[in-house]
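The values are calculated or read from the model by the stated rules, or taken from the named source; none is laboratory data. None of these values were measured; they are calculated from a predicted model. For neighbour counting, all protein chains shown are included, and Cβ atoms are generated from backbone atoms with ideal geometry for every residue, glycine included. Just so you know, the surface numbers come from the protein's heavy atoms only, side chains and all, with ligands and any DNA or RNA stripped out. Shrake-Rupley method; radii C 1.70, N 1.55, O 1.52, S 1.80 Å.
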Amino acid sequence: MQQGTLMRKVKSKSWKKQRYFKLQEDCMTIWYQSKRTGKTESAFSISDVETVREGHQSEVLQSVAEEFPPERCFTIVFYGRRGNLDLIAGSAEEAQCWVQGLHQLIEYPRSFPLTFALVSCTWVRDWFQKADKNKDGRMNFKEVQRLLKMMNVDMNEDHALRLFQDADKSESGTLEGEEFVLFYKALTQREEVLSLFQEYSEDGKKLTLLELVDFLREEQLEDEGTEELAMELIDKYEPSETARARHVLSADGFLMYLCSLEGSIFNPHHRVLWQDMSQPLCHYFISSSHNTYLIEDQIRGHSSIEGYIRALKRGCRCLEVDCWDGPNGEPMVYHGHTFTSKIPFREVVSTLGKYAFKVRHPSPGAGGQGWSLDPRGQGLWRHLGSSGASLSPTLQELKHKILLKGKKIGRLEDTLDGPGDEGPDVSDDDNGAEAEEERRRAKVRIPSHGTQRDSALQKEKETLAQTLSDCVIYCKNVPFRGFQEACSHSRPSEISSLSEAKARKLIRDEGNEFVRHNAWQLTRIYPSGMRTDSSNYSPQEMWNVGCQIVALNFQTAGMEMDLCDGLFSQNGCCGYVLKPPFMRDKETLFNPSDPSSREGLGPITLTIQVISGQQLPKVANSKEGAIIDPLVRVEIHGVPADQAHQETKYIENNGFNPRWDETLQFQLHVPELALIRFVVEDYDKTSRNDFVGQFTLAFANIKPGYRHIHLLSKDGTSMPPSSLFVHIRITE
């Protein structure tokens, strides 16, 4: 790939600036500088790049499509909420050179297991370049001291000098190449892991195959195929070829295993599709977004196809498209009766066609490839079958299809069996502001033809296009008038939308009836209209009663989206999670406010020993030289009786390798619904603690034993090699 290329950086149709782009010698960093001033404007790491899109695949590049051909255009897409980088190369050949080169650099790490050694190698190189102020390829002790501050380490100067001198084999007063690697290895020595290794190693230098088997059985609770697993781990993580040949594991190999995905707290068998996908749609929790097109607030925010792309790549399976009449009869998508910007409906549909069924590439610790709908079918679910067609199809039957949720003229049975005499229920529900908005959305007036039936049917026909109605098959929107009314008159093919406030009242007053209702019919929950800042409500209380479509503002980071990502990171990240058996039974006695109503075993005890942390990041926008005082908080999110949190003490001035060695214990009455959230914060005695990192997962996905927790940023992206080291025990 070319190094040093003049391209146009585009922010809008009128903002196009020329910049020089260059790939650094490490093949991991790209910087760009102004053509006019020659000053470096910004830089980014290849590890921050999610993908590269060719052509006019962004709104910005679409706006200049008449001026620049697609062959010269491409978009660099970053993880998290960082904005895209839209570029126009000088020629099609130049664009291809960058696109293909970037694809190779991005895909290379994904083609190989993300080992501790690989991460450490990148980490060492990055820190060396940051601390090497004069760029001479060497580091003196002053630069090393600056490096320690940058790495969140407050180390005694004498100890730091001792490590420096031990690594300076050439006695030149500087560290270069392998000397800096030696210094880094001394700095990252893991005493807590070494003592664990020596506990099972007879000679303290290696684990034999049988010793490793003992460790896996006694500590990691691996009870099936343990010898085969031990052999696999040695072959995969032992760096010494000689040791591999002897079927032994060194201390380095042991650490690499513990830092790997196999040593993660997340059960590797649950990363792939592991649940039954042949049950009715209402038996699954479904990853769902609210006003998907918005990437900012609800009143003046920007509407963008990026909202759909980001949500789909995050595993979202239920999207919202608000259509309104636009100029020249072209429908537009935006938040009605607000000042949000608008996007053409055709662009939204085109985007969904490109991204709705792409397999997600998970970040470490976040899941794996899995089951998803597929575009090889006919897209919209239009096939009705015979008169005996199911009113409650299974998820497997709906594979390859897209369902539309909306209003419908008549009943599904009328569509299946032919016109009936019963007119539709056209009265509106009492869902507040959103109900009023739904009455105005997508109402395409059509001429009245033929003889009148009853006035209700005629009213519906006048405000809803028949062709649009025909597209709504299994998700007909109906008003909610109570559980008894729904049980008597509603059908499994129908769905009701409730505001978060209405849902909370039902949970409080009729918890068991709500669970029973959700065992046979879909319920959608949406945020309060007062959340103009796009904040979120907690989805957990809605999941506790089995609500399937709990719509959240995906653009807003925080605990609520951490819970969403945590629940749906399992089952291949397909966006569907099977509800527990007691929530799929229409006669269930379960009520989340009464844990004893759960049939089955009594409460279980979750014991978590928080041992240590590794290379925790600094707080964003912190002062130069500032070092964090980290603490760990463990939160349980579940039924009210299980809601709890405990935290460790804080460690002063050490974000690099803090040691807590504290044990936290929780009782879970309904573990099937529990989510566990690990949060690292920077303690501040005068103000609110600052967020450092987090990881959330469902209790069902926890792997007991000595495990690493690979932390995620506020945006939900991975932050290698930042992690926690814990010991997990689960007892009944």
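Prolate is the label for region 625-732, because the ratio a/c of its alpha-carbon gyration tensor axes (a ≥ b ≥ c) is 1.5 or higher and a/b is greater than b/c. Looking at this model, which pairs from Lys618/Lys685; Lys22/Lys149; Lys16/Lys135; Lys401/Lys714; Lys142/Lys618; Lys399/Lys579 are more than 27 angstrom apart at the alpha-carbon? The answer is Lys22/Lys149; Lys16/Lys135; Lys401/Lys714.
Rounded if a/c is under 1.5, else prolate if a/b beats b/c, else oblate: with a ≥ b ≥ c from the C-alpha gyration tensor eigenvalues square-rooted, which is region 191-263? Taking the square roots of the gyration eigenvalues as a ≥ b ≥ c, region 191-263 is rounded. Peptides 471-482, 300-311 ranked from most to least packed give 300-311, 471-482, packing being the mean of other C-beta atoms within 10 angstrom over each peptide's residues. Run the accessible area of region 604-731 with a 1.4 Å probe and give the carbon-and-sulfur part as a rounded percent. Within region 604-731, the accessible surface is 44 percent carbon and sulfur. Across region 5-111, the volume of the C-alpha convex hull divided among the residues equals 99 Å³ per residue.
For region 684-690, backbone phi angles converted through the Karplus equation (6.51, -1.76, 1.60; θ = phi - 60°) give residue-by-residue couplings of 9, 6, 9, 8, 5, 4, 8 Hz, Gly and Pro being listed as x.
In this structure the amide hydrogen of Cys323, modeled in the peptide plane, comes within under 5 Å of the amide hydrogens of Ala442, none closer than 5 places in sequence on its chain. Peptides 622-629, 218-225, 288-295, 641-648 ordered by packing proxy, namely the average of other Cβ atoms within 10 Å per residue, highest first: 288-295, 641-648, 622-629, 218-225. Using the average count of surrounding beta-carbon atoms within 10 Å as a protection proxy, the listed peptides 529-535, 567-573, 678-684, 244-250 rank, highest first, as 567-573, 678-684, 244-250, 529-535. Val321 exposes around 50 Å² of accessible area when a 1.4 Å probe is run over every protein chain in place. The heavy atoms of Trp520 present about 40 square angstrom of accessible area, all protein chains included, probe 1.4 Å. Modelled label positions at Asn653 and Ser622, each set 7 Å beyond Cα in the direction of Cβ, lie 1.3 nm from each other.
Residues whose amide H comes within less than 5 Å of that of His645, counting only those at least five positions distant or on another chain, are Ile636 (H built at 1.01 Å from N in the peptide plane). Backbone geometry of region 703-718 corresponds, through the Karplus equation with coefficients 6.51, -1.76 and 1.60 at θ = phi - 60°, to 3J(HN,Hα) couplings of 9, x, x, 7, 9, 9, 10, 7, 6, 10, 6, 4, 7, x, 9, 6 Hz, x marking Gly and Pro. Across region 531-548, coupling constants 3J(HN,Hα) worked out from phi with the 6.51/-1.76/1.60 Karplus curve, θ = phi - 60°, read 7, 5, 8, 6, 6, 10, 8, 6, x, 4, 5, 6, 5, 4, 9, x, 4, 8 Hz, and Gly and Pro carry x.
In this structure, Glu199 and Lys354 have a Cβ-Cβ separation that, at R0 = 45 Å, corresponds to a calculated FRET efficiency of about 0.25. Between Glu71 and Gln646, the simple label model (points 7 Å from Cα in the Cβ direction) yields a spacing of 6.6 nm. Computed in the context of the full set of protein chains, the accessible area of region 186-245 at 1.4 Å probe radius has 44% of its extent on carbon or sulfur. Remark on Leu23: its backbone amide H falls under 5 Å from those of Gly4, a criterion applied only to residues 5 or more positions apart or on other chains, H modelled at 1.01 Å from N.
Within the same chain, lysines fewer than 8 places from Lys17 are excluded, and of the rest, those with a Cα less than 17 Å from its Cα are Lys9, Lys35, Lys39. Residues in region 154-300 average 49 Å² of solvent-accessible surface per residue, probe 1.4 Å, ligands and nucleic acids excluded.
Overall form of region 452-579: prolate. Here a/c, set by the Cα gyration tensor axes a ≥ b ≥ c, is 1.5 or more, and a/b is the larger of a/b and b/c.
Listed by chain and number, the lysines whose C-alpha is less than 17 Å from the C-alpha of Lys408, apart from same-chain residues fewer than 8 away, are Lys443, Lys459, Lys461, Lys476.
If one computes the Cα centroid of region 681-712 and of region 194-233, what distance in Å separates the two points? Cα centres, region 681-712 to region 194-233: 27 Å.
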